[in-house]
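Below you'll find the structure, written out as structure tokens, and then a few comments.
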């Protein structure tokens, strides 16, 4: 897979990067992070413009985020039913909703880079709950600056170790998502327990 991504990045460069980051923010399974690392590496070698790589990745991500938000806001019930038929995606939606309830607007920022696998679903949840679009857009752009800067920057700095850096970042991201799920479950259990205690006390 890594060799294929490197070949595609070399052949199609900036337009491919824009397309892939755009699609990744709509929850489509494309290797956006790896492609950003590879593009950063090619920029370090002088094969691509670093500025063009950064702008393409940022532009694709921001447009994808906002399209996901507006799709959910416009077609909320249809999207909810579609996700409900796909258990894994429905679970990601539920985790994203718990994450957003815990962190508020800043969850949009963190989901762009710190727990990136939840990002597209936070976009959808934001639209489904009619979260303020200006706030969503501003938090999202700030988060994408970090995401793009992190991956393109690391690719640029460690061009000879793209595979190792990609594996490390993937492991960290997976761990953080698992941690968020565990914390969210803990808060939910505490909430349920307190609700049961209040109900018993009322009886």
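Tabulated data
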read-out	value
Exposure proxy order (Cβ contacts within 10 Å, fewest to most) of 70, 147	70, 147
Estimated inter-spin distance, residue 94 and residue 45, nm [label 7 Å along Cα→Cβ]	4.5
Whether the stretch 81-146 is rounded, prolate or oblate, judged on the alpha carbon gyration tensor where a/c under 1.5 counts as rounded	prolate
Residue order, fewest to most beta carbons within 10 Å, for 85, 129	85, 129
Within the stretch 59-81: backbone nitrogen closer than 17 Å to the residue 28 label point (7 Å, Cα to C-beta)	59-72
Additional length obtainable on full extension of the chain from residue 55 to residue 70, 0.36 nm per residue less Cα span	3.2 nm
Footprinting exposure proxy for 19, 132, 126 (fewest neighbouring C-beta atoms within 10 Å first)	132, 19, 126
Cα→Cβ-extended label distance, 7 Å offset, between residue 102 and residue 146, nm	1.5
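All of the numbers you see were taken from the coordinates with simple rules; none came from a lab. This one's a predicted model, so the numbers in the text were calculated from it and none came from an experiment. Neighbour counts are summed over all protein chains in view; Cβ atoms, including those assigned to glycine, are modelled from backbone coordinates with ideal geometry.
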